[in-house]
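The values are calculated or read from the model by the stated rules, or taken from the named source; none is laboratory data. Here the structure is a predicted model, which means the values were calculated and not measured. A quick note on method: Cβ atoms are made from the backbone with ideal geometry, for glycine too, and the neighbour counts reach across all protein chains shown.
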Amino acid sequence: MKNLWQEAVHLGITPEMSFTKRRNIKVINMVVAMVMAMSIAYTLSSLAFNEFLVALINFSNVIVALVSYYLHYKHRYQFAKFVLIFHSIFLFVGFSILFGEELVTENFAFWGIVFVALIYTKRNYIIIFSLLYVLAFIFVKTYFHVGYQPMVSIPVSNYFYHINLIMPFALIFFTIELFKKESGFFQHEVEIKNAELMQQKEEISAQRDNLSHMNEEIIAQRDVLEEKSREIGRKNKQITDSMNYARRIQSAILPSATEIRHYLPDLCLFHSPKDIVSGDFYWFEAVQPVYSSVTNDRRGGGIFVAVADCTGHGVSGAMMSMLGSNSLTQIVNELKITEPAQILHELDTNIRKQLKQDQDGSDLRDGMDVALLMFDIDFKHIYFAGAQRPLYLIRNKELIEYKGDKNPIGSGFYDHKTFTLHTIELLPNDIIYICTDGIADQFDRENKTKFGTRRLRELLQDLQRYDFALHEGIIRNTYLAWKGQNHQVDDVLLLGMKF
């Protein structure tokens, strides 16, 4: 029985409802249960006195109570209130007209006004429904005041008179008590929630203080990091400035394209350092012939061109490139060595000596790969020698490769080095290419495949469909398209000449 009562009282209540709404629905459910019990009692009493019409009307209250519960079950709360209010007005007005004012059923209007005031929070609803109860009460009093008689006479009206005289005020009392009890219960819940909220507030305040302390530490660490970042920025700027200055020095040492074109007008030069300074360098020297009065002819002299790929790139490669460039100039101008194979042999000796690579315990293995060629003064022949770098000759749209020797310049791993001299007779429209391995070693945009030597040879051969002046741009664009957004692997240098 207790469980049934709890289910009836809590019918239609959901956890997400506010305290006020839950309280009002619970009060309505209890009042409906009380009215239903009272109506059953009225019905049984009426049946005992054989007043079947009175019993039927009272039993309608039971039906309305059940309808109200069903509406709460369906969460139609507002509609349930309307049913209760309008049925109660209809009931006491109907009872009064049918059975006379001796039953004093109009006194239930006072209970209705109290009931409305308790279950509604909006003032408009309270005023409207209270006025309806007042108007219904006035209507009943006026109806009998003008002389109208009850439609049905019941012999036990005195019995119901005393009950109806007390019952409305008993209902008012119990309704108010139920409201106060539920208000106290919900007030207790509110106090518990407030206590929980205060505890949460204190925890949040403690966490906020902790976060504030952590924030102060983070700010302090940030300031330290910012200062370190500024220091790194200053040092980075100093390093970058030094690198840029080194690039200016390296650029000053490298021959200008204008200088080379003075002797070799049809020139293709593609140079792309990986870093600010480059480990790849090209070298050019024009040596004037010596006139012999004895033989009445010119002897010696020629145009020297080389490309070199030094160990590493960046600063270390740039230092090696300056060492190599200066050594080549010294060998040709001071030592008067003009044969390319002998120049490479002397360059290898010079580099090994300057880097002390032949001394015991030396761990320096730095060196360079070089493609060196000399044109005689009349541009009739080319003399080529290579240290791990080839020469590509394009003749009649066919590519001929002259391989360099598998000996690098420098590096203590190699002893008894020899360099082979290749003599090539020049023909009109011949094109010569020499290069480092930067293009061939470059990975594609997906970082999976190298450009490779085979693809480079095919590119150089395919270039013959275009005017020589376009070769440099086509080579550059092909390289950049292959690389895409991928990082540059190595310094890139390619030199081409047409005759």
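Descriptive notes on the structure:
- Residue within the stretch 180-201 that is in a strand (DSSP E or B) and over 30 Å from ASP430 (Cα atoms) present: no
- Checking THR258, THR240 one by one, the residue that is assigned to a helix (DSSP H, G or I), hydroxyl-bearing (Ser, Thr, Tyr) and exposed (fewer than 11 other Cβ atoms within 10 Å of the Cβ) is THR258 and no other.
- Filtered by the rule that a residue be among the aromatic types (Phe, Trp, Tyr), surrounded by 15 or more Cβ atoms within 10 Å (Cβ to Cβ) and more than 26 Å from ARG23 (Cα to Cα), the stretch 62-94 gives a lone residue, PHE92.
- Among the strands (runs of 3 or more DSSP E) confined to the stretch 374-490, the ones with at least 1 residues that are over 52 Å from the mean Cα position of the chain (by Cα) and of a type in the set (Ser, Thr, Tyr) are located at 381-387, 398-402, 422-425.
- Checked against the criterion of being within 22 Å of ARG457 (Cβ to Cβ), surrounded by 20 or more Cβ atoms within 10 Å (Cβ to Cβ), touching a strand residue (DSSP E or B) at 6+ places or on another chain (Cβ under 7 Å) and not acidic (Asp, Glu), the candidates PHE419, PHE384 yield just one match: PHE384.
- Looking across the stretch 12-26 at every residue that is under 21 Å from GLY184 (Cβ atoms) and not in a helix (DSSP H, G or I), the one that is farthest from the chain's Cα centre (by Cα) is identified as ILE13.
- For the stretch 261-294, a residue qualifies if it is among the small types (Gly, Ala, Ser) and not in a loop (DSSP other than H, G, I, E, B), and the qualifying residues are SER272, ALA286, SER292.
- Qualifying residue in the stretch 86-94 (condition: part of a helix (DSSP H, G or I), modelled with pLDDT under 80, closer than 27 Å to LYS181 by Cβ and among the aliphatic types (A, V, I, L, M)): yes
- Restricting attention to the stretch 35-61, the residues being in contact (Cβ under 8 Å) with a residue 60 or more places away in the chain and either surrounded by fewer than 15 Cβ atoms within 10 Å (Cβ to Cβ) or over 28 Å from VAL9 (Cβ atoms) (or both) number 4.
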